[in-house]
Amino acid sequence: MKRLCLVVVLFVLIAGHCQAVEIKGVRFSDTVVVEQSELKLNGVAVLKWAMLFDVYAGALYLPRGVPGQSWSNDIPKRLELSYFREIEGKGFAEASDKLLQDNLLPAEYQALEKRLQTFYGLFRDVKPGDRYSINYLPEKGTELRFNEDPLGHVPGADFAAAYFGIWLGDEPISKGFRDRLLDTD
């Protein structure tokens, strides 16, 4: 009997450390480690296109104790996007570029343009279930991963603030999506 109780207690303790959040069938870990930075799940959301269908589920990770509204600070962060639909790689570049041109001053966009073109060249076609991770570490820059395989990175806190701003900025792709990631709704 003591052995059974011990097994149950150990199971409960282990399960408590392996928590995950699920949204629309997509699981996101409660914490992730990017390089040596442990990041905590801040919020999850689903992006709908034209209020008709789900495009992807997303999760924002920030350092423990950092509120979502501090996302633009020069701190480690991660955005994971798990796709429900097929999308061509060039579609990511086109959509990102339009949003950035609409939201940045011309001089800001020009300062980022070469790095943006490098980053756009990293995108791959996605199928349902594929996942992109966009990681930012102050000492390394912004890294793009596809199904956890590193594709490349670009330097600069300015780049990270602009690119993460597509989802988290003042005029994001979706304010509802942003607010759920930032845990402000």
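Beyond 14 Å, how much of the Cα-Cα pair distribution for the range 52-110 remains, as a whole percent?
Details: 1216 of 1711 pairs.
For the range 52-110, the share of Cα pairs beyond 14 Å comes to 71 percent.
Dividing the Cα convex hull volume of the range 21-181 by residue count, how many Å³ per residue is that?
104 Å³
Tilt of helix 157-168 relative to the longest C-alpha principal axis of the chain, in degrees (0 to 90, nearest 10)?
It is inclined by approximately 70 degrees.
Which value does Rg/Rh take for the range 12-95 over its C-alpha atoms, Rh per Kirkwood?
Expressed as Rg/Rh, it is 1.02.
Give me the distance between the Cα centres of the range 106-182 and the range 30-49, rounded to whole Å.
Using only Cα atoms to place each centre, the spacing works out to 14 Å.
Subtract the Cα-Cα distance of residue 64 and residue 101 from 0.36 nm times their separation in residues, and report this length gain in nm to one decimal.
Taking 0.36 nm per residue and subtracting the Cα distance, the gain is 10.1 nm.
If each residue of separation counts as 0.36 nm, what is the full-extension length gain between residue 120 and residue 139 once their alpha-carbon separation is subtracted?
Full extension of this stretch gives 4.7 nm more.
Given the -39500 (n - 2.57) contribution per DSSP H run of 4+ residues, what per-residue ellipticity at 222 nm results for the chain, rounded to the nearest 500 deg cm²/dmol?
-11000 deg cm²/dmol
Two decimals is fine: what's Rg over Rh for the range 93-146, C-alpha atoms, Kirkwood radius as Rh?
Details: Rg = 12.6 Å, Rh = 12.6 Å.
My calculation puts Rg/Rh at 1.00.
Just want to confirm a number: the relative contact order over the chain, from Cα pairs under 8 angstrom separated by 6+ residues, in percent.
Numbers: 318 pairs, mean separation 35.3, N = 185.
About 19 percent, as a whole number.
Calculate the spin-label point distance for residue 38 paired with residue 110, positioning each point 7 Å from the Cα along the beta-carbon direction, and give it in nanometres.
Inter-label distance under the simple model: 4.6 nm.
Once the Cβ-Cβ distance between residue 30 and residue 157 is put in as r, and R0 is 22 Å, what FRET efficiency do you end up with, to the nearest 0.05?
It comes out at approximately 0.25.
What is the helix-to-structure angle for 106-120, meaning the angle in degrees between its Cα long axis and the longest Cα principal axis of the chain, kept from 0 to 90 and rounded to the nearest 10?
60 degrees
Please give the helix 89-103 orientation as an angle from the longest Cα principal axis of the chain, in degrees from 0 to 90, rounded to the nearest 10.
Rounded to the nearest ten degrees, it is 70.
All of the numbers you see were taken from the coordinates with simple rules; none came from a lab. As the structure is a computational prediction, the values presented were derived from the model and not from experiment. Neighbour counts are summed over all protein chains in view; Cβ atoms, including those assigned to glycine, are modelled from backbone coordinates with ideal geometry.
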